[in-house]
Amino acid sequence: MAWGIGRGDAVFVPSFTFAATAEIVPWFDAEPVFIDVDERTYNMSPAHLEAAIEATLKEGRLTPRVVIAVDLFGQPADYPAIKAICDRHGLKLIADSAQGFGCTLNGDHPLKWADITTTSFFPAKPLGCYGDGGAVLTNDDDLAQLIDSIRVHGKAIARDLEGKTFDHDPKYLNMRIGLNSRLDTLQAAVLIEKLKVFGDEIEWRNRIAARYNEGLRAHVAAVPDVPAGNVSNWAQYTIEHDDRDGLAAHLKAQGVPTAVYYPIPLHLQPAYDMYPRGPQGLPVTERLKERVISLPMHADLTEDVQDRIIAAVASFKG
Ligand SMILES: Cc1ncc(COP(=O)(O)O)c(C=O)c1O
């Protein structure tokens with residue numbers, strides 16, 4: 001909304017993500033263009049992105065405007081490569097860090113590269129509140145003001161008032177169409193307290209992930225691959241298995257809950273299957289949807305519970 005994205009604009013998004021990444025695009029009559037992911041990190045493939053931008057330009061129907069990269073399962077996207085592509089083509093970059101709040105790349109936050117980072121405080125997220133919540137982060141002061149206006153029903157902001165006098169309270173001056181996207185005060189109170197231990201929780205999650213990796217590597221097709229320099233917040237701990245559904249049934253019988261993120265990628269969803277895709281298709285995404293499974297992961301997972309989960313996976317002979 002702040003950038004005026006609309007009809008005729010293309011917004012490049014991964015398909016291997018939650019629907020929220022793409023849904024905002026058709027809300028403003030723009031079109032999402034679905035991009036495949038890297039087979040190691042499950043994050044947006046820079047090579048596929050570049051090919052899709054070039055194909056979109058060649059076709060000429062849509063104008064490339066924005067890239068939304070996702071920090072899937074808590075691991076940062078390849079921002080240096082994606083940002084270089086955005087700069088070459090004059091595109092804005094959003095980091096959908098709903099799952100990745102607290103992740104870093106060589107010590108830097110995604111905002112080093114992205115114009116805007118968005119995040120979610122939904123209870124299942126690493127920094128979860130007790131209901132719904134989220135935040136938008138930017139280093140651009142003007143953009144921050146504009147987003148603040150949109151967030152509160154299009155209220156007037158400092159630049160709207162400059163050099164003007166009013167015979168009424170400008171609090172009720174509406175300069176643009178906005179909405180209500182305030183963070184509820186009670187949720188903010190929860191988050192302020194939880195933020196104090198959040199850094200420690202990321203460390204604990206990393207310790208658990210390292211133990212999982214060590215215990216599981218020999219028993220599954222792939223354990224998570226976090227390239228050197230990346231720090232994940234481990235929103236999910238996701239492995240691959242040739243008999244994913246068999247493993248899920250085996251673990252359920254052993255009392256270990258699992259989940260599949262995501263069994264239906266967005267380009268195959270009824271609400272989104274009419275939108276364009278990158279020219280190479282999405283073969284990695286379509287393979288992953290059959291193979292991935294996420295195991296229990298939270299900061300308070302004790303070593304004996306981790307060991308029970310590792311033993312349950314190891315005992316699957318599928
Ligand atoms: C990748 C991704 N983007 C966006 C969202 C949306 O967050 P919320 O439901 O808090 O709006 C989520 C999770 O819900 C998500 O996983």
Region 136-183, dipole about Cα centre (Lys/Arg Cβ +1, Asp/Glu Cβ -1), debye to the nearest 20: 240 debye
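For Glu214, Glu50, write out the residues from largest to smallest accessible area, computed with a 1.4 angstrom probe and no ligands counted.
Working: Glu214 155, Glu50 40 Å².
Result of the area sort, largest leading: Glu214, Glu50.
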Test of understanding: in a Gaussian network model of the chain with alpha carbons linked when under 10 Å, which of Asp71, Asp167, Asp243 would top the mean-square fluctuation ranking? Asp167
Among Ala158, Ala299, Ala81, determine the one that fluctuates most according to a GNM of the chain built with springs between C-alpha atoms less than 10 Å apart. Ala158
Towards the positive end of the charge dipole of region 275-318, with charges on Cβ (+1 Lys, Arg; -1 Asp, Glu), say which of Ala299, Ala311, Leu282 has the farthest Cα. Leu282
Roughly how many whole Å is it from the C-alpha centroid of region 248-313 to that of region 45-83? 23 Å
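Can you figure out the FRET efficiency of Asp243 with Asn106, using R₀ = 35 Å and their beta-carbon distance, to the nearest 0.05? Before the final figure, lay out the partial values.
Details: r = 37 Å, r/R0 = 1.05.
Once rounded, the FRET efficiency stands at 0.40.
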Could you give the nm distance between label points at Lys252 and Asp142, where each point is 7 Å from its Cα heading toward the beta carbon? 5.4 nm
Which listed pairs, of Lys112/Lys252; Lys83/Lys252; Lys125/Lys171; Lys83/Lys125; Lys112/Lys196, have C-alpha distances above 30 Å, in listed order: Lys112/Lys252; Lys83/Lys252; Lys125/Lys171
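Relative contact order of region 226-298: what whole-number percent is it, with Cα pairs under 8 angstrom and at least 6 residues apart? Write down the numbers at each step before the final one.
Values: 69 pairs, mean separation 37.7, N = 73.
That works out to 52 percent.
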Run the 1.4 Å probe and let me know the accessible area of Asp141, rounded to the nearest 10 Å². 120 Å²
Residue-by-residue Karplus 3J(HN,Hα) for region 238-248, coefficients 6.51, -1.76, 1.60, Hz, glycine and proline x: 10, 10, 10, 9, 5, 10, 4, 5, x, 5, 4
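Give me the Kirkwood hydrodynamic radius of the chain in Å, from all C-alpha pairs, to one decimal place?
Details: mean 1/r = 0.0475 Å⁻¹.
Mean inverse Cα-Cα distance, inverted, gives 21.0 Å.
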Given labels modelled 7 Å from the Cα in the Cβ direction, how far is it in nm from Ala124 to Ala19? 1.3 nm
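Taking the Cβ-Cβ separation of Lys58 and Glu193 as r and a Förster radius of 51 Å, what is the calculated FRET efficiency to the nearest 0.05? Please report the intermediate quantities before stating the final value.
On the way: r = 52 Å, r/R0 = 1.02.
E(calc), rounded to 0.05, equals 0.45.
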Just to be sure I understand the model, the point goes 7 Å from the Cα along the line to the Cβ. What's the resulting Ala314 to Asn180 distance in nm? 5.3 nm
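Need one number: % antiparallel among DSSP beta bridges in the chain, to the nearest 5. Could the numbers behind the result be given before it?
Details: 16 of 34 bridges.
Expressed as a percentage, antiparallel bridges in the chain total about 45.
The values are calculated or read from the model by the stated rules, or taken from the named source; none is laboratory data. None of these values were measured; they are calculated from a predicted model. For neighbour counting, all protein chains shown are included, and Cβ atoms are generated from backbone atoms with ideal geometry for every residue, glycine included. Keep in mind that these areas ignore ligands, DNA and RNA; they rest on the heavy atoms of the full protein, side chains included. Shrake-Rupley method; radii C 1.70, N 1.55, O 1.52, S 1.80 Å.
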